[in-house]
Amino acid sequence: MDFVLGGVAACGACLFTNPLEVVKTRMQLQGELKSRGTYQIHYRNVFHAFYTIGKIDGLAGLQKGLVPGLVYQMCMNGVRLGSYAIIESLGYIHTDGRVSAAKSTVAGAVAGVVGAVMGSPIYLVKTHLQSQATSSIAVGHQYKHRGMMHALMDIHKQHGILGLWRGASAAVPRVSVGSAAQLSTFSASKELVTDLQVFSEGSWLIALSAGMISSVVVVSAMTPFDVISTRLYNQPVDHLGKGILYKGFADCFSMTLKKEGMTGLYKGLGASYFRLGPHTILSLVFLCNCISLFLVCDMTIYNLRIN
């Protein structure tokens, strides 16, 4: 049930934050391997990107990749949040009754890696679909998928089952860093806010405040890995399924740093926060509320049985 609740919570957040994921993906691919001033800037900032995509691709353009996005959230975050919830409930992240930063970080990273590997094929397709745009505002390599199932079948047909896991090498560090930062800081932040007694015990504002604190840490640690992950997933490949632009994670990192400088690794930082902030808050708040709702339903069913 922890896995199901974790997935449902993440899907609820995805419905609201997917447009920001589209914007983030486009901004991370803009000016790929080009020095500043040598390419046309279609998206000046988060708000301009929103306006541009909405104006040219329509409102539907802002929800591109929603279906694989929801599937990915259910798959990856269901495993990630569910695994972490089990680890936390068993007391493995506590030392002397308090949250251990080291233990919660390791637990979050492990849970994230498992979820990332399982959800990698869906994330691959999601990235391809979200980067698709009208030629006048297109950035990065443009795949011609007609939808999630068409993309999965097409990739499998051309490159086999292993082709579906292309880019997983980038997903592991991306999600492990992000997951470790998110889950460890959320647990510690929730404990801090509770100790300060700013809100009444059990208030949803505790989870909201903890999520806001957590999201700042997450976006700072995760953005460079996110940029590399997006580019590895979206790069064109040869007939053998090997990347044309990058050989792997380290090569993408060094080439981006060399061609675009440090700012290249932080492209889409604002979009990442506007997306990760609400997503972190919503998913964790939904998770807390889903668990509470489940406990209420479970108790109701138990009372009906004994009565």
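Every read-out reported here was derived from the displayed coordinates using simple, explicitly stated rules and does not represent laboratory data. Quantities reported herein were computed from a predicted structural model and do not represent experimental measurements. For neighbour counting, all protein chains shown are included, and Cβ atoms are generated from backbone atoms with ideal geometry for every residue, glycine included.
So if we plug the beta-carbon distance of SER254 and MET149 into 1/(1 + (r/R0)^6) with R0 = 35 Å, what FRET efficiency do we get, rounded to 0.05? Numbers along the way, then the final one.
On the way: r = 36 Å, r/R0 = 1.02.
Efficiency at R0 = 35 Å is approximately 0.45.
LYS267: which aspartates and glutamates have alpha carbons under 14 Å from its alpha carbon, excluding same-chain residues fewer than 8 sequence positions away?
Answer for LYS267, where 14 Å is the Cα cut-off: GLU21, GLU32, ASP226, listed by chain and number.
Enter the Cα centre distance for the pair region 168-243 and region 94-140, rounded to the nearest angstrom.
8
Quick one: dipole size for the chain, taken about the Cα centre, charges +1 on Lys/Arg Cβ and -1 on Asp/Glu Cβ, in debye to the nearest 20. Before the final figure, lay out each step's value.
Numbers: 25 positive and 15 negative charges, 234 e Å.
Roughly 1120 debye, rounded to the nearest 20.
What translational diffusion coefficient, to the nearest whole µm²/s, does region 221-267 have by Stokes-Einstein, given a Kirkwood radius computed over alpha-carbon pairs, a temperature of 10 °C and 1.306 mPa s viscosity? Can you show the working numbers first?
Values: Rh = 10.8 Å.
Approximately 146 µm²/s, per Stokes-Einstein.
Please build a GNM for the chain, connecting alpha carbons under 10 Å apart, and tell me which residue among TYR266, TYR39, TYR92 fluctuates the most.
In the Gaussian network model the winner is TYR39.
Pairs to check: LYS190/LYS259; LYS24/LYS190; LYS55/LYS144; LYS55/LYS190. Give those whose C-alpha atoms are more than 32 Å from each other in this structure. Before the final figure, lay out the partial values.
Details: LYS190/LYS259 41 Å; LYS24/LYS190 28 Å; LYS55/LYS144 21 Å; LYS55/LYS190 40 Å.
The answer is LYS190/LYS259; LYS55/LYS190.
ARG44 to VAL237: extension gain in nm, 0.36 nm per residue of separation minus the Cα-Cα distance? Display every interim value, and only then the final one.
Working: separation 193, 0.36 × 193 = 69.48 nm, distance 2.86 nm.
Stretched out fully, the ARG44 to VAL237 stretch lengthens by 66.6 nm.
Please report, in debye to the nearest 20, how large the charge dipole of region 1-152 is about its Cα centre when each Lys and Arg carries +1 at its beta carbon and each Asp and Glu carries -1 there.
Values: 13 positive and 6 negative charges, 115 e Å.
Here the size comes out at about 560 debye.
Grab the Cα-Cα distance for ASP195 and MET262, subtract it from 0.36 nm times how many residues apart they are, and report the gain in nm with one decimal.
Numbers: separation 67, 0.36 × 67 = 24.12 nm, distance 3.84 nm.
Full-extension gain reported as 20.3 nm.
Okay, helix-only estimate at 222 nm for the chain: each DSSP H run of n ≥ 4 adds -39500 (n - 2.57), divide by all residues, round to 500 deg cm²/dmol; what do you get?
Values: 11 runs with 219 residues, N = 307.
Counting only the DSSP helices, I get -24500 deg cm²/dmol.
How big is region 1-76 along each principal axis, measuring the range of its Cα positions in Å and listing the largest first?
For region 1-76, the Cα extents along the three principal axes come out at 51, 27, 16 Å.
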